[in-house]
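The values are calculated or read from the model by the stated rules, or taken from the named source; none is laboratory data. Worth saying up front: this structure is predicted, and the values here are computed from it rather than measured. Here Cβ is always computed from backbone atoms with ideal geometry, including for glycine, and neighbour counts include all displayed protein chains.
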Amino acid sequence: MALPGWMLYLIHTLFPANTRRPTELGADVLIIATGAILFYILIIKGRWRHVWTEWITTVDHKKIAVLYLIGALAMLFRAGVDALMLRTQLALPHQGLLSALEYDQLFTTHGTIMIFFMAMPFIFALFNAVIPLQIGSRDVAFPRLNAMSFWLFAFGALLLNMSFVVGGSPSAGWTAYPPLSENVFLPGVGQNYYLMSLLIAGIGTTMTGINFVVTILRMRAPGMTLMKLPLFAWSALMTSALIIFAFPPLTVALSMTLIDRLFQSSFFTLGHGGMPMMYVNLFWLFGHPEVYIVVLPAFGIFSEVVATFSSKRLFGYEVMVASLVSIMFLAYGTWVHHFFTMGAGPAVNAFFGLSTMLIAIPTGVKIFNWIFTMWGGRIRMTVAMLYQMAFIPTFVIGGATGIILATVPVDYQFHNTYFLVAHFHNVLIGGTLFGLLSGMYYWWPKMFGMKLDEHQGKWAFWLFFLGFWVTFFPQYLLGLEGMQRRMNTYPFGLGWHMLNVISTIGAFGMGAAFLVLVYNVVWSLRHGERDVTGDAWDGRTLEWAIPSPAPEYNFARIPVVNDRDPWWAMKESGATLANSLSASDIHAIELPKSTPVPFLLGASFFLFGFGMVFSWWYVAILGLLCVIGTLIYSGFNYEEHAMLSADAIRGTEASLGRLQA
Amino acid sequence: MSLPLAEEETGLAPGLPLELADDRESIKITGFWMFLVTDVLIFASLFASYAVYRSRVALAPGPAQVFHYGPVLLETLLLLTSSFTVGLAIWAMRTGRTRMLFFWLAATLVLGAGFVTSEIHDFTSMVGQGLTWHQSAFLSAFYVLVGTHGAHVTFGIVWAVTLLFQVARRGITPVTARKLYTFSLYWHFLDIVWVFIFTFVYLGGKIG
Amino acid sequence: MAEPRTAPEESAREEGLAFLEPRVHAEGFPVAQVFGYAGSIILTFGSFFLVTRHLMPPVVLLAVILTLAVGQAALQLGVFMHIRESRGPAWQIVPLGLAFFIALGLIGMSVWIMMFKAGVS
């Protein structure tokens, strides 16, 4: 039976030969199974109405935090599986599990997803869950924009992930340097997927940056001056400022590549005067600040965790703030160290080598301050604290190898070897991921009202920590032996064999740690120790003064802050908020209303992106019109808020035992 | 003892213009300034690309042969005047004169539409002469820098039309005043960008 | 109608950031706008005049007209955009100043970095 022509065209475009290999077919089976489970839960069990009203249309920062967290953990799984496949391929010389193209696609999606769709949403999950509570606010500055950011992230992630089974994955590395990423060399739709998904998610990220800068500058509780701001909030402010200043160059670089690919301009082509190195320049103008975007929140988390679990005030608050601010400034002056070997000349390279080394100073100051905070404190070895303790030596080693790489002549030797790969995994996992996991264990009671089981958490921690070092320490040695990154296989007899085997064993240890972590989460959701006090860890900052999980309105009354650790100071003077409010204290509160606009905007952008990826202009134009239509509809909608009556609040507070009889 | 409770504010603060008097609306204005910051960086990246690609003309003509100064001067005059009229519209809004606000906002739209028309005409005639962005990196950078500004102006026109409908329906309230004020910020910002395009791209092209 | 919790001036001083104290423009006859418009026209067409008359060597000329452009940007920000108006501290001044500084560095450094003489072109 012959199929009609348009159907054959669709099949060949959407499912070309490189999406019909065993790995992709395996993914297809997984997707269909997940889809069936979702269909069962939503349609057969009739939960779609609950999901729609409570989650998809929500603008509540606490629920958006949960959505971000689910997204981040799912993406950690996907990109982690990529990593395990890469390590399996590299375990033995002349391994033939993956073809060169498959290997390229996997390391591309591994890097892209880990940075943009795992680290970023994980950070935003914690920002959303904690920042408004910590600064004594009822929500972020722009709740609806916040939901839009989430849905742009979600649909961007969907677009990138579907590339694996529909049309073909990108394969030019997470940096996607031209001329390789140009049409001449990679004519398929893979690179379009990369560009569109990052552009769409990037809009969302920029909006989140704007949102949190304004939230922290304008929505602090009375009395909380900038020098009384908790350090996690300070790190969120600096991170958001970095996002605002760093994402525009990325948007421009990606747009130019997209115009090159789809509309034949000549920015990064080899002919017509184009210059691929300009892309590299613009990309790292974003890329270097991005490194600090993902690591500053971890610094903030550690500053909170170390003070709480040492039962001590943070050592050197002013210096900690000053070093955060100076890291934020210096982060803009170092981007060339990612391409010293481009050949920009000794003056340029010397300037950027020195500016890179300068960053070690404020970072070192922070390390010492964390250690001095622990000094003489009563330390409690919780899982969050364990990650903090593991972070300090790990990050110091990662930073020290960074200084080695910042030395220009040495970099000419190490550039693009496994030494570099080991270095950036050392800082990204040892800094960012340890920090985020620490924050997850620390704030889990505040987000969900129960603790994650400490015993299982410690298993996950040790597996992860040891797995990490077993994976990446051999890679430093491999780099010194001359093994290049992004090579899909290697011959016998170079002395790389044993080190690669060890590294792969370590990677599977980290994979096992992830499984324990998931078990820990699932087990604790059912059997975890409930947090009835709202103050699970004997905390210091304002978020621990309210119930866990926080009620919809966060604070029935906004407090006045007079201390850097307001909740701790209050406990010192023998007080609890629990019995302080009388019924007459409580008034009605105006809260933002749920709206489908953010979800619809994300879906419209997805349609637009999908049309652009396949160069189906009618679909793209339709998507763009949907975007504009949604924005106009939103502009004419003046009913953004609804009142929550005083009686409803009194009922909630009474049921939480926080109302005077 | 417990944490002291803050007196929560309601209503409008005295002594401030309408768009700043309401706390929530004034926060949105701060947010819009932050958006302008991101836009400054977008245009900075485009200007950096143009600065690098200015001399990379390949086999196509360079800046001195490509630019027409007649239309550019006209566009500059139109945009500078529209910046003035939107300033007057905000002045009318703050003194509570709705009809005058409509007049100046409509004038702004007409001037903006004139600018976009002239620019599109200029671009199509250039493409008609075979000066497409495929020809050279210089032309790519030129079209994308100037075109991004033109797209911003076009978006601004659509935005302002929806604002006219909202003001016609609701009059000058804290919400509509804030929307008009952010629109004026956007429009003046585009004027600043144009001044730099005019100076660096067009006059710079004449200097060589 | 309740009083606002803090007067704008107080909160700027509370932060120790006196330069962020807002200043709201009085709105009578729009004198400032008229002068701002005249100023922008003079600056723009002045630089066009300078360029057409070739009064200076190219490098100096480029520097002069870019300075005039910066002057006009300041004029737009001050006269039309009321950059110091805010409720509470005029926070926008800080990121906007940073943005112009970083923009300048971005453009200047990019030109400096990309002057290299490598084989790729």
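Annotations for the structure displayed:
- Residue check for residue C:5: over 20 Å from the mean Cα position of the chain (by Cα), at pLDDT below 85, facing chain B (nearest Cβ under 8 Å) and within 25 Å of residue C:94 (Cα to Cα): yes
- Those helices (runs of 4 or more DSSP H) lying entirely in region A:1-108 with at least 2 residues in contact (Cβ under 8 Å) with a residue 12 or more places away in the chain and hydrophobic (A, V, I, L, M, F, W, C): A:22-39, A:61-91
- Test result for residue B:154, buried (at least 22 other Cβ atoms within 10 Å of the Cβ), among the polar types (S, T, N, Q), within 20 Å of the chain's Cα centre (by Cα) and part of a helix (DSSP H, G or I): no
- Number of positions in region B:7-25 that are at the interface with chain A (Cβ under 8 Å from one of its Cβ atoms) and outside any loop (DSSP other than H, G, I, E, B): 0
- Residue check, residue B:4 surrounded by fewer than 18 Cβ atoms within 10 Å (Cβ to Cβ) and more than 7 Å from every other protein chain (Cβ to nearest Cβ): no
- Note on region B:130-186: residues that are within 8 Å of chain A (Cβ to nearest Cβ), of a type in the set (Val, Ile, Thr) and in contact (Cβ under 8 Å) with a residue 60 or more places away in the chain total 2.
- Among the residues of region A:633-660, the one identified as loosely packed, with under 12 Cβ neighbours inside 10 Å, over 30 Å from residue B:168 (Cβ atoms) and charged (D, E, K, R) is A:647.
- Of the set (1) of a type in the set (Gly, Ala, Ser); (2) outside any helix (DSSP H, G or I); (3) more than 30 Å from residue C:105 (Cβ to Cβ), all apply to residue A:344 but (3).
- Residue check for residue A:302: assigned to a helix (DSSP H, G or I) and crowded, with 24+ Cβ neighbours inside 10 Å: yes
- Condition check for residue A:232: in a helix (DSSP H, G or I), at pLDDT 95 or above and over 23 Å from residue A:610 (Cα atoms): yes
- Just one of the listed residues (A:376, A:353, A:343) is on the phi > 0 side of the Ramachandran plot and either aliphatic (A, V, I, L, M) or within 14 Å of another protein chain (Cβ to nearest Cβ) (or both), namely A:343.
Residue-by-condition table, conditions (1) charged (D, E, K, R); (2) closer than 30 Å to residue A:212 by Cα:
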{"site": "B:28", "(1), (2)": "yes, yes"}
{"site": "B:32", "(1), (2)": "no, yes"}
{"site": "B:55", "(1), (2)": "no, no"}
{"site": "B:82", "(1), (2)": "no, no"}
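- So residue A:436, is it aliphatic (A, V, I, L, M), in a helix (DSSP H, G or I) and touching a Phe, Trp or Tyr at 6+ places or on another chain (Cβ under 8 Å): yes
- Some residue of region A:226-242 being of a type in the set (Val, Ile, Thr) and within 21 Å of residue A:189 (Cβ to Cβ): no
- Residue that is farthest from residue A:79 (Cα to Cα), among those in region A:123-174 that are part of a loop (DSSP other than H, G, I, E, B) and of a type in the set (D, E, K, R): A:138
- Tallying residues that are within 7 Å of chain C (Cβ to nearest Cβ) and either assigned to a loop (DSSP other than H, G, I, E, B) or in contact with a Pro (Cβ under 9 Å, 6 or more places away or on another chain) (or both) within region B:37-67 yields 6.
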